[in-house]
Each structure stands twice: as C-alpha cells, then as structure tokens.
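Right, one structure below, let's go through it.
No lab work stands behind these numbers, since they all come straight from the coordinates. What you see is a predicted model; the values in this text were computed from it and never measured. Glycine also receives a Cβ, built like all others from the backbone with ideal geometry; neighbour counts cover every protein chain displayed.
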Amino acid sequence: MYKFLLSSRWLGWLALVCALAAVCAYLGTWQLERRDAIREDIGWVETNYSADPVPFEEAAGYFQEFDPSAEWLPVELTGTYDTANQRIVRNRPLNGRPGYEVLVPLKLADGTAVVINRGWLPIGDNEAGWPDEIPGAPAGEVTVTARLKPAEPTLLRGAPAGQLASIDLTEYERQAGYPLQTAAYGLMDTEDPAPETRPEAAPKPSVDEGPHLSYALQWYAFGLLFFVGLGYAARQEAWNRIESGEDEEWDEEDWEDDGGVTHSAAPAPRRTRPVRKRRNPTGEEEEDAILDAQGM
C-alpha cells in the first residue's frame, strides 16, 4: 500500500521535511541556550547586586581582567574625578527614552584610574546631539560606591569630540592620554559627598528570563508537526490509490494453498466463448431452404 513512498517524489518530500525539522530543532536549541545565558546573568544579579560593598583593593583584579561572576558586585572607591576628561556615550536608551550616559575617570590615591558611569541624561532641545545640561561631578576627594560592569566592544560608528560611541575603555584610554583600567568600569550607586544634582541612576536589572522556554517548545512542536503532516499526506495518498484501483492488496485470508500451488480465493473472471464466423451457405443449402418454404 505504501510502496509509493519509495518514489523520487515522496523521497524528496521526506528530505524537505527532515531539513525543515532540523532548522526548527536548531532554533529551539538556540532559544534554550539564550535562556541559559539569561538565567546565568540573573543569578549574578541575585547574588551580587545587593551584596555589601567590597574595598577596591579586593576587587582590583576585576578591573584588569573581568570575571562574569563578579558582574554587579558593589565596590567602594575613594579618589578625585578627572572632569577634564569627562565623556558622554551616545545612543543609550532608558525605559524607551533616548539619551546619553556620563563617564568620568576617578583617580585613586595610588594613581590607578577607574572609569565611573555616573548615570543617564535625556536628549536635549538646545543643541542636536547633546544633552541640555550635564550635572558636574563633586570636586575634591569623593567616596564612590559603584557596581562592576564589563567594558563594551568597539563600534564601527564614530562619535563627535567629547563623546564615545560605546563604553569602549580602550578608546577612552587613548583619548584620555594616560592609563585606565580597561577591563571593567563602575556603574555608580552613591557618591559621598553627594552633589545637589546628578544624572539619573540606572535601574536595577530585570530578573525576568523572558519567553525563551516557550519559544523553544514551539519550535520543537513545529518540527514534529512537519512529520505529522507528511504522514497524513501519505495516508491520504494511499486511500486515494486504493479507491481508484491503482494499488490493491489482498489479505492473507483471501489466499489459499492447494498442493503447494497458491490460488486466489476471489472468483475467477468469467470466460466467454469465442464467436465463430458465419460461413456463406452453399447452393444446395439455398435450394433446400426454398423447397422447405414452399412446403415441398
């Protein structure tokens, strides 16, 4: 009944279904991997975000070689801001609003310079491409509590003077003209003494893992449905062949064995006798027929 599945057309359909199912399986696995990465990030938020601040001396290594397990860890630093090398980072949205982030190097007593992200500013109305006002950093010695964040990669797009396209600390170091810690920066939480005004503080990161699990299950279900659809189509094709007489099979009970010879139990087709061609009558037969008609 299903021998037609070995035809080139149906083998082609099978190959196509296998390819589509493989794509679905890949996308489902990709969604699960994204979910695992997000769950790992959520774990660092839950572990580090509300932890007690650690002295810079204990966390200094993270600014030289970043460890993902230390992300969001609060670090306490004391030094003076280098406001002359302040930069703003463009294209930094917050809650759907476009804006900027303010970066300032903090020079510590031992000469180490750590970049501090002081917060977010909205786009301005007075001059295109700049915020209307940048609140000044506190002068003199200041104690900053900031959370560890990794440096960002270099972007191909440029930025005007006084701005950065991303928190690319290597580029920032080149512009500043002296060594900076380039593996990580600090996302400011508090300053002491606190200024009257400051950029808007960054909100606590979300701990929602998103819909990646449901997306993964959907992709796996789609891959399975391709095979279900192929099976349904094959079943319909088989029934159509049976109804049209293109493909008939007999059950075992329709066959019987007689002396080693297998005969069909179905009634044999009725034989018809061949029709003999009528010959022309002879002359004597024609005379006899005339006499019989005259009663002689």
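What does the extension gain come out to for Asp132 and Tyr26, with contour length at 0.36 nm per residue minus their alpha carbon separation? Walk me through the intermediate numbers first.
Numbers: separation 106, 0.36 × 106 = 38.16 nm, distance 4.76 nm.
Computed gain between Asp132 and Tyr26 is 33.4 nm.
Going by a ≥ b ≥ c, the root eigenvalues of the Cα gyration tensor, does region 57-121 fall in the rounded group (a/c under 1.5), the prolate group (a/b larger than b/c) or the oblate group? Mind showing how you got there, number by number?
Working: a/c = 2.69, a/b = 1.37, b/c = 1.96.
Since a/c reaches 1.5 but b/c is at least a/b, the shape of region 57-121 is classed as oblate.
For Pro53, what is the net charge nearby, where nearby means another residue's Cβ is under 11 Å from its Cβ and Lys, Arg count +1, Asp, Glu -1? List each step's numbers first, then the result.
Details: positive: Arg147; negative: Asp52, Glu58, Glu76, Asp189.
Local charge sum for Pro53: -3.
Evaluate the charge dipole of region 1-41 about its Cα centre and quote only its size in Debye, nearest 20, assuming +1 on the Cβ of each Lys and Arg and -1 on the Cβ of each Asp and Glu.
Numbers: 5 positive and 4 negative charges, 77 e Å.
Approximately 360 debye in magnitude.
If R₀ is 25 angstrom, what is the calculated FRET efficiency for the pair Ala51 and Thr78, using the beta carbon separation as r and rounding to 0.05? Intermediate results must be reported in sequence, preceding the final value.
On the way: r = 19 Å, r/R0 = 0.76.
Efficiency, from the Cβ-Cβ distance: 0.85.
If Lys and Arg each add +1 and Asp and Glu each add -1, what is the summed charge of the other residues whose beta carbon sits under 12 Å from the beta carbon of Glu191? Spell out each step's value before the answer.
Details: positive: Arg118, Arg198; negative: Glu76, Glu141, Asp189, Asp192, Glu196.
Overall, the nearby charge balance is -3.
Say R0 is 35 Å: what FRET efficiency, to the nearest 0.05, do Arg157 and Phe227 get from their beta-carbon distance?
Working: r = 46 Å, r/R0 = 1.31.
Result of the calculation: an efficiency of 0.15.
Taking 0.36 nm per intervening residue step and subtracting the Cα-Cα distance, what contour gain separates Glu196 from Ile123 on full extension?
Values: separation 73, 0.36 × 73 = 26.28 nm, distance 2.07 nm.
Full-extension gain reported as 24.2 nm.
Residues of region 1-38 with the amide nitrogen closer than 15 Å to a label point 7 Å from the Cα of Glu237, along Cα-to-Cβ, please.
Once the point is set 7 Å along Cα→Cβ of Glu237, 1-18 turn out to lie under 15 Å by backbone N, inside region 1-38.
Just to check I understand the Karplus step: with θ = phi - 60° and J = 6.51 cos²θ - 1.76 cosθ + 1.60, what whole-Hz values come out for region 143-152, glycine and proline as x?
3J(HN,Hα) across region 143-152, in whole Hz: 9, 10, 9, 9, 9, 5, 9, x, 5, 9.
Output wanted: per-residue J couplings in Hz (rounded whole) for region 66-71, from phi through Karplus 6.51 cos²θ - 1.76 cosθ + 1.60, θ = phi - 60°, x for Gly and Pro.
6, 10, x, 5, 9, 4
Near the amide H of Ala184, under 5 Å away, which other amide H atoms are found, from residues 5 or more places off or on another chain, if H is placed in the peptide plane?
For Ala184, the qualifying residues are Ala151.
Could you tell me which residue out of Ala161, Ala139, Thr80 lies farthest along the dipole of region 78-190 toward its positive end? Charges go on the beta carbon: Lys and Arg +1, Asp and Glu -1, centred on the Cα centre.
Highest projection toward the positive end goes to Ala161.
Quick check for you: which residues of region 195-220 have the amide N under 17 Å from the point 7 Å beyond the Cα of Asn91 toward its beta carbon?
none
Could you go through region 201-215 in sequence order and give the Karplus-derived ³J(HN,Hα) for each residue, using 6.51 cos²θ - 1.76 cosθ + 1.60 with θ = phi - 60°, rounded to whole Hz, and x for Gly and Pro?
My calculation for region 201-215 gives 5, 5, x, 5, x, 5, 10, 8, 7, x, x, 5, 5, 5, 4 Hz in order.
Which FRET efficiency value, to the nearest 0.05, do you get for Thr170 and Leu213 by plugging their Cβ-Cβ distance into 1/(1 + (r/R0)^6) with R0 = 41 Å? Could the numbers behind the result be given before it?
Details: r = 37 Å, r/R0 = 0.90.
Step by step, r from the Cβ atoms, then E = 0.65.
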